[in-house]
Amino acid sequence: MSFQRGSSAGIQYHRPKLMPLEDFEHHSGGIDPAEVFSAAQIIAAKLVATGQDPDADDATVDWLVDLVDDVGLDTMARMWANAPAVTYGGALWRLYALQQATQRDGDRWAAWYRAGYEAYVSRVIAGAAEPPQAKDLQTLITKILTGVYAGDFAIALERGGAYARVIAAGQHQHAEQIEDHHPAAAAALEQRSTKLQRTATELELCAAAWRQGRLETESAERRPTN
């Protein structure tokens, strides 16, 4: 997938190509995990750089925000779902996963956000309407992803982390409410809450690494080997 986008200044933007993993199977010995990891991280970094380019137009940023619609969540998962958390790919995967979950199950996520609203002060950082509905959360996650590509990358990651923490707090509140009558469902929801809290921490760590200029270093240090 590659494409040129003309800006008002006449600049032609090349959308980074997301190489199918099957392309690596043609190499001797099949897929090389280190090579796949490296290529996926380069793509993730290029996506961020494309949006952060001062000359990038609004249409390019909009395409990046809605990237899942173009390439599919499965493609993203195969590239980045298993990437270390503190990498460009790890950060983008977590943000797009939040975006898709918000869009797919907006009413439930809005209920969790409302439940977590009083429980977690980071709602101020996340920036959702008070109290939010599903459409408000969809607007929020769009603003967070827009910030990744057309704002302060670290702040956008922190806002994503804050959003995840509010939802996780709401999940925990709901789990406690149903524990007596539906213990299995409560346990499953508590597991989701714990996982989302971990996602929040990982996004915050990505923000710190980026501010310290070591996000690319983290990527290189954690590259898998055969």
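The values are calculated or read from the model by the stated rules, or taken from the named source; none is laboratory data. Keep in mind that this is a model prediction, so the values were computed, not measured. Here the Cβ positions follow ideal geometry from the backbone for every residue, glycine too, while neighbour counts run over all protein chains shown. All accessible areas refer to the heavy atoms of the entire protein, side chains included, with ligands and DNA or RNA removed. Shrake-Rupley method; radii C 1.70, N 1.55, O 1.52, S 1.80 Å.
Any idea which residue in the stretch 193-226 is nearest to the chain's Cα centre (by Cα), counting only those that are at pLDDT below 70 and not acidic (Asp, Glu)?
The selected residue is SER219.
Just give me the residues in the stretch 77-95 being among the aliphatic types (A, V, I, L, M), farther than 15 Å from PHE153 by Cβ and outside any helix (DSSP H, G or I), in sequence order.
ALA81, ALA83, ALA85, listed by residue number.
Filter the stretch 148-193 for residues that are open to solvent by 70 Å² or more (accessible area, probe 1.4 Å) and of a type in the set (S, T, N, Q) and give the result.
The answer is GLN177, GLN191.
Condition (residue is at pLDDT 95 or above and outside any helix (DSSP H, G or I)) applied to the stretch 182-190: is it met by at least one residue?
Looking through the stretch 182-190, at least one residue is at pLDDT 95 or above and outside any helix (DSSP H, G or I).
State which residue is modelled with the highest pLDDT when the search covers only the stretch 105-147 and only residues that are of a type in the set (Gly, Ala, Ser) and open to solvent by 40 Å² or more (accessible area, probe 1.4 Å).
Residues of the stretch 105-147 that are of a type in the set (Gly, Ala, Ser), as a first pass: 106, 110-111, 115-116, 119, 122, 126-129, 134, 147.
Subset that is open to solvent by 40 Å² or more (accessible area, probe 1.4 Å): 119, 127, 129.
Values: ALA119: 69, GLY127: 65, ALA129: 60.
If we take residues in the stretch 105-147 being of a type in the set (Gly, Ala, Ser) and open to solvent by 40 Å² or more (accessible area, probe 1.4 Å), then ALA119 is modelled with the highest pLDDT.
Only residues in the stretch 147-158 that are closer than 18 Å to GLU216 by Cβ and free of Cβ contacts under 8 Å to residues at least 60 places away in the same chain count as the first member; pair them with residues that are assigned to a helix (DSSP H, G or I) and of a type in the set (Ser, Thr, Tyr), Cβ under 6 angstrom, at least 6 apart or cross-chain, and list the lot.
none
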